[in-house]
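Asks: Sharing a structure, written as structure tokens. Questions coming.
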Amino acid sequence: MGLELDLNKRLTKQEAVDLIKNADLKELGRLAYAKKKQLHPKGVTTFVVDRNINYTNICWVDCDFCAFYRHEKDEDAYILTFDEIDKKIDELIAIGGTQILFQGGVHPKLEIEWYEDLVEHIHNKYPQVTIHGFSAIEIDYIARRSDISIKEVLERLHAKGLSSIPGAGAEILSDKVRDIIAPKKLDKDTWLEVHEEAHKLGIKSTATMMYGTVESDEDIVEHFDEIRRLQDKTGGFRAFIMWSFQGKNTALMEKHPEIKKQSSNRYLRLLAVARLFLDNVPNIQSSWVTQGSYIGQMALNWGANDLGSTMMEENVVSAAGAANSMNQQEMIALIKDVGEKPAKRNTAYEILERYY
Ligand code: SF4
């Protein structure tokens, strides 16, 4: 007999750990798919046409798992000019894009006024483009550097046109893990505080998880639980997105050669448990950029209801060896191939165009 779960009952942390450790992968997929259908009964799989813009690669945080950052004096360190940013947005608009995922580097010297000018410039010139930008570490650092509160940073950037914030930098919400993989990065409570403050101001965000370094199954479930608890309080997370650590060119791989590349099975297993556990987070994205398009497609049968972005430009995980790409037509074909209905969405998960 297969695995039985009451899908209307909340999973406990112990149940989630048991599922990760012991459940049959196909059975898990069946349950996560049933949960997805409960939340998204129409069989529509969405995607967004956006562009990552990394306005700088200069960063003082030096995360051991990151191959993207540079220091100010490095030859290939950069800060994009407004003109360079505009050109990228023009290209995005030309292909029907609606959103920019706008993130650094955490530049050691830039203060709130610089960010206000930047957001204002983009928003005034491109009011139709949603600015989904600045992860918790950037917000926290701008606050400290500018000697103002996290709330004030969020209020001021929101007033200039910042629409929502990405969940990057959550990694695993356990200080024990963070102290090993990114000791200078903001702690778990500060990541949660930034998102809670944002939600209170009406700024929605996403939650993420990067697994596959030094965490345990219990740490992963703790991470899920932190997100579920904050979501119970605020309802501000639109989606959950998880991916595995991409090790190429990173200091973490040199320091911890025992870290193994994560399998596709592991990805699907964790994704399914995330779908079952995070009963209050409406959307789960598939990370085809790190897993490849076919596992990304398979994830739709393991609980994901969204294929994320067509990724016109991606600089961060590609610096660490993930080199997958897909255009809108390929994405539509992949979705149809598993019997789902493809639709383009905006940042708020509202349908813009249907392809069925
Ligand atoms: S992950 Fe982000 S914060 Fe960490 S070093 Fe890379 S760019 Fe900086």
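Asks: Do you know which residues across the range 156-188 are surrounded by 15 or more Cβ atoms within 10 Å (Cβ to Cβ), more than 16 Å from the ligand (Cβ to nearest atom) and outside any loop (DSSP other than H, G, I, E, B)?
Replies: Those that are surrounded by 15 or more Cβ atoms within 10 Å (Cβ to Cβ), more than 16 Å from the ligand (Cβ to nearest atom) and outside any loop (DSSP other than H, G, I, E, B): 156, 157, 158, 160, 164.
Asks: Considering only residues that are of a type in the set (Asp, Glu) and either surrounded by 10 or more Cβ atoms within 10 Å (Cβ to Cβ) or over 15 Å from residue 277 (Cβ atoms) (or both), which ones fall in the range 1-13?
Replies: Of everything in the range 1-13, just one residue is of a type in the set (Asp, Glu) and either surrounded by 10 or more Cβ atoms within 10 Å (Cβ to Cβ) or over 15 Å from residue 277 (Cβ atoms) (or both), namely 4.
Asks: Then there's this: Can we say residue 16 is open to solvent by less than 40 Å² (accessible area, probe 1.4 Å), farther than 19 Å from residue 109 by Cβ and not in a loop (DSSP other than H, G, I, E, B)? Talk me through it step by step, then tell me what you get.
Replies: On the way: open to solvent by less than 40 Å² (accessible area, probe 1.4 Å): yes; farther than 19 Å from residue 109 by Cβ: yes; not in a loop (DSSP other than H, G, I, E, B): yes.
Judged against the criteria, residue 16 is a match.
Asks: Restricting attention to the range 124-133, report how many residues are of a type in the set (S, T, N, Q) and either without any contact (Cβ under 8 Å) to a residue 24 or more places away in the chain or open to solvent by 40 Å² or more (accessible area, probe 1.4 Å) (or both). Spell out how you get there, then give the answer.
Replies: Step one: of the range 124-133, the residues of a type in the set (S, T, N, Q) are 124, 128, 130.
From what is left, the residues that are either without any contact (Cβ under 8 Å) to a residue 24 or more places away in the chain or open to solvent by 40 Å² or more (accessible area, probe 1.4 Å) (or both) are 124, 128.
So the answer is 2.
Asks: Further, regarding this structure: Within the range 189-213, can you find the residues that are within 16 Å of the ligand (Cβ to nearest atom) and in contact with an Asp or Glu (Cβ under 9 Å, 6 or more places away or on another chain)?
Replies: If the condition is that a residue be within 16 Å of the ligand (Cβ to nearest atom) and in contact with an Asp or Glu (Cβ under 9 Å, 6 or more places away or on another chain), then 190, 191, 194, 208, 209, 210, 211, 213 are the ones that fit.
Asks: Given the condition more than 14 Å from the ligand (Cβ to nearest atom), surrounded by 15 or more Cβ atoms within 10 Å (Cβ to Cβ) and within 24 Å of residue 206 (Cα to Cα), answer yes or no: does some residue in the range 134-142 qualify?
Replies: no
Asks: Looking at residue 36 and the list (1) open to solvent by 10 Å² or more (accessible area, probe 1.4 Å); (2) outside any loop (DSSP other than H, G, I, E, B); (3) among the basic types (Lys, Arg), which single condition is not satisfied?
Replies: That leaves (1) as the condition not met.
Asks: Please go through the range 189-207 and give me each residue that is in a loop (DSSP other than H, G, I, E, B) and basic (Lys, Arg), ordered by number. Walk me through how you get there before you give the answer.
Replies: Just the residues of the range 189-207 that are in a loop (DSSP other than H, G, I, E, B), to begin with: 201-204.
204 - this is the single residue of the range 189-207 that is in a loop (DSSP other than H, G, I, E, B) and basic (Lys, Arg).
The values are calculated or read from the model by the stated rules, or taken from the named source; none is laboratory data. Just so it is clear, the structure is predicted and the values come from calculations on it, not from any experiment. Note that we place each Cβ from the backbone using ideal geometry, even for glycine, and neighbour counts take in every protein chain shown. Heavy atoms of the whole protein, side chains included, go into the accessibility calculation; ligands, DNA and RNA do not. Shrake-Rupley method; radii C 1.70, N 1.55, O 1.52, S 1.80 Å.
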